[in-house]
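Only one structure is covered here, and it is reproduced in the block below.
No lab work stands behind these numbers, since they all come straight from the coordinates. Just so you know, these numbers come straight off a predicted model, no measurement behind them. Positions of Cβ are backbone-derived with ideal geometry, glycine not excepted, and every protein chain shown enters the neighbour counts.
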């Protein structure tokens with residue numbers, strides 16, 4: 001997959017997700033306090049990807065984590081001497097004062113020795129991922145099964161099994 005094709009696909013996915021977000025079924029969004037929504041909703045830009053003892057940063061790695069109006073979009077990629085990996089997923093999320101969950105409707109991954117030689121796999125999103133919302137000082141922490149996400153000081157950290165994998169910075173809108 002060429003970079004131009006990948007960018008075109010991302011634009012298509014984001015555009016389609018925007019259309020989906022206009023649909024019904026988002027009533028549960030109103031149950032979450034506005035202050036909590038302001039911390040968890042938005043767009044985050046990938047700033048670090050921890051892999052094999054290295055910390056990758058743009059341009060070796062890049063991506064976005066997006067939560068807006070009940071729609072979730074994740075896209076991230078990395079390219080190193082060891083190879084290329086890319087992920088795009090989109091779906092929906094729900095939250096109230098004590099829980100947050102999301103489900104991907106579609107996931108597309110690509111991997112290979114380089115972006116040009118990557119094999120693409122497409123699959124349905126699967127089961128919802130559910131989290132309990134907690135506070136740790138000024139941080140909002142989402143705790144799920146073998147999954148922790150921390151939102152603090154304008155950053156979102158993804159910690160599967162308690163180990164930092166990716167860190168994102170909130171994009172001011």
**Prompt:** Assuming R0 = 22 Å, what is the FRET efficiency of residue 109 and residue 169, from their Cβ-Cβ distance, to the nearest 0.05?
**Reply:** 0.40
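What's the exposure ranking of 88, 133, 107, going from fewest to most Cβ atoms within 10 Å? Before the final figure, lay out the partial values.
Details: 88 25, 133 20, 107 17.
Lowest count first: 107, 133, 88.
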**Whole-Å distance, taken between Cα centres, linking the stretch 70-109 and the stretch 117-173** = 9 Å
**Message:** 7 Å from Cα along Cα→Cβ at both residue 123 and residue 146: what's the point-to-point distance in nm?
**Reply:** 1.3 nm
**Simple spin-label estimate for residue 60 and residue 138 in nanometres, 7 Å along Cα-Cβ** = 3.0 nm
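Between residue 99 and residue 87, 0.36 nm times their residue separation minus their Cα-Cα distance comes to what?
Once the chain is fully extended between residue 99 and residue 87, it gains 1.8 nm.
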